[in-house]
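Here is the structure we will look at.
The values are calculated or read from the model by the stated rules, or taken from the named source; none is laboratory data. Fair warning: this is a prediction, and the values are worked out from it, not measured in the lab. Backbone-built Cβ (ideal geometry, glycine too); neighbour counts: all protein chains shown.
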Amino acid sequence: MTISCDIAVLGGGIGGYTAAIRAAQAGKNVVLIEKGKLGGTCLHQGCIPSKALLRSAEVHATLRKADTYGIRIAEGAVSIDFGAVQQRKEQTVERLYKGLQLLMRKHGITVISGSGRVIGPSIFSPRSGSVAVELADGEMETVVPANLIIATGSRPRVLPGLEPDGINMMTSDDALRMDRLPESILIVGGGVIGVEWASMMVDFGVNVTLVETASRLLPGEDAEASAELTRQLRKRGVRILTGISLKTDTYAYKDGQVSISADTADGGVLLTAEKLLVSVGRQANVEGIGLENTDIRMENGFIRVNAHFQTTEPHIYAVGDVNGGLQLAHAAAHEALAAVDHLLGRQTHSFEPGSVPRAIYSRPEVASVGLTEEEARRRGHELKTGKIPFQAIGKALVLGETDGFAKVLADAKTGDIIGVHIIGPHATDLISEASLAMVLSAVPWEVGQAIHPHPTLSEALSEAMLAADGSSLVM
């Protein structure tokens, strides 16, 4: 069977389904091809299930310190039913999955469940960009679009010599499927995924060791935020080793324990745990999708695109993790919107990676937008900064979560906000105001003059903005 359409989307993750919906809203005939489940990594193996687990871990940690709020719980009364935790996670995912399916029907999007492969010029089309789809029953369909959007996403990257078996050595995908909590876990990689899993596991009562080859956790984030997160994770019992070199050829599994040797600044060390989680970034899903049948160019394992997310074949676009940009779900969604608007001939605004907020759902949360202080100074900015600790914020005291701070970076000459960094309670919610301020080219005093309700955590950002101009009322 051959299906002709205006736009075909290869991949049904957040980038793919966002593109499909935007195109359908414009009256286009859209076909979306997905070999797994609609929703992709974010819904089924990433954002949503991991945050559901993090929430359960947070509740457990809160109950364990309930006495600090004047609530008495009999000793031993708080326990974890990990099966129920996993069930809640699955129910959350399933509810969103059904909602997404409803959206596809509402917008008249044809969803084909099968493995798609881009094909070259054929009797159906004089140019590459059609997609041959192998269905579950082995039958084939050919989708012939005027434009193709590739949104095949990414998967966990593995280290040579540390290829996960899914049970004792895991990726983050594997860890989501654990049927019980281990007594101990060794996490390799102190980036976003690594620190989220370390925070989750220690809150569940697991003995956690977190190792990172760089000199600090979250090497891409602000150094002060990194240091504060490291301090708080250690305070909660996470063993953290940075600046290490793993000897992958020493990995072994024996008597229910994984082990691996590493070199540190203080000498060699043998690391052991019941489970090992490898979280060292992600790689694009570009294999087996037929790129060799096109003139699409690759760069460092990703599909090369221009500012409008066009590949080197102008009628083919690539959005999300597969193009090697910001590997964030919300970035993929906005790339999809920009790509569709461009192929529809609409006026488009340039996509500025620096305006995309970054969110880390550890405890405490870490969120940022724009440049770090190190990046700003390296680029020659003369800075004025404002930094307010949550200890100075009434709502943080009420919540019993006073660690962390809000930090604002502004250019001393222009006054422009060039970076905001928050570590503390609900940081991932608070960062949106900073993101909006940067999109609107606001200066600190404008945000500081906006009335923020009291008592709220948002006052931390308001006061940090005022502090950048030396006019904070709480410091």
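For the range 393-411, a residue qualifies if it is of a type in the set (A, V, I, L, M, F, W, C) and surrounded by fewer than 18 Cβ atoms within 10 Å (Cβ to Cβ), and the qualifying residues are LEU397, VAL398, LEU399.
Based on this model, can you work out whether VAL78 counts as in contact with a strand residue (DSSP E or B) (Cβ under 6 Å, 6 or more places away or on another chain), touching a residue at least 12 places away in the same chain (Cβ under 8 Å) and not in a helix (DSSP H, G or I)? Taking the combined requirement at face value, the residue does not satisfy it. Within the range 127-138, residues that are in the same structural domain as HIS315 (by TED's automatic domain parsing) and over 16 Å from GLY36 (Cβ atoms) reach partners that are at pLDDT below 85 and surrounded by 13 or more Cβ atoms within 10 Å (Cβ to Cβ) with beta carbons closer than 8 Å, at six or more positions or on different chains, in the pairs SER130/SER122; SER130/PHE124. A count restricted to the range 13-70 and to residues that are in a helix (DSSP H, G or I), more than 26 Å from GLN310 (Cα to Cα) and touching a strand residue (DSSP E or B) at 6+ places or on another chain (Cβ under 9 Å) stands at 0. Could you look through the range 403-437, keep only residues that are assigned to a strand (DSSP E or B) and more than 22 Å from the chain's Cα centre (by Cα), and pick out the one that is nearest to PHE390 (Cα to Cα)? Checked the range 403-437; the qualifying residue nearest to PHE390 (Cα to Cα) is VAL408. The set of residues from the range 3-40 being without any contact (Cβ under 8 Å) to a residue 40 or more places away in the chain and touching a His at 6+ places or on another chain (Cβ under 8 Å) comprises just one member, GLY36. Against the test of being within 30 Å of ARG236 (Cβ to Cβ) and either of a type outside the set (Phe, Trp, Tyr) or in the same structural domain as GLU433 (by TED's automatic domain parsing) (or both), the options ALA338, ALA367 yield a single qualifying residue, ALA367. Residues considered: GLY354, GLY345. Of these, the only one that is part of a helix (DSSP H, G or I), surrounded by fewer than 16 Cβ atoms within 10 Å (Cβ to Cβ) and either at pLDDT below 95 or not assigned by TED's automatic domain parsing to the domain that holds ILE417 (or both) is GLY354. Does any residue of the range 258-276 turn out to be touching a residue at least 60 places away in the same chain (Cβ under 8 Å), surrounded by 14 or more Cβ atoms within 10 Å (Cβ to Cβ) and under 25 Å from the mean Cα position of the chain (by Cα)? Looking for residues that are touching a residue at least 60 places away in the same chain (Cβ under 8 Å), surrounded by 14 or more Cβ atoms within 10 Å (Cβ to Cβ) and under 25 Å from the mean Cα position of the chain (by Cα), one finds at least one in the range 258-276, hence yes.
Selection of first residues in the range 105-119 that are under 18 Å from LEU148 (Cβ atoms) and of second residues that are loosely packed, with under 15 Cβ neighbours inside 10 Å and of a type in the set (D, E, K, R), restricted to Cβ pairs under 7 Å at least 6 apart or on distinct chains, gives the following pairs, ordered by first then second residue: GLY114/GLU134; SER115/GLU134.
Check GLY76, GLY36 and return the single one that is at pLDDT below 95, surrounded by 15 or more Cβ atoms within 10 Å (Cβ to Cβ) and over 18 Å from the mean Cα position of the chain (by Cα). Going through GLY76, GLY36 in turn, the sole match is GLY36. Scanning the range 181-212 for residues that are among the β-branched types (Val, Ile, Thr), under 16 Å from LYS235 (Cβ atoms) and touching a Phe, Trp or Tyr at 6+ places or on another chain (Cβ under 9 Å) yields a count of 1.
The residue that is nearest to ARG377 (Cα to Cα), counting only those in the range 184-231 that are in a loop (DSSP other than H, G, I, E, B) and of a type in the set (Val, Ile, Thr), is THR213.
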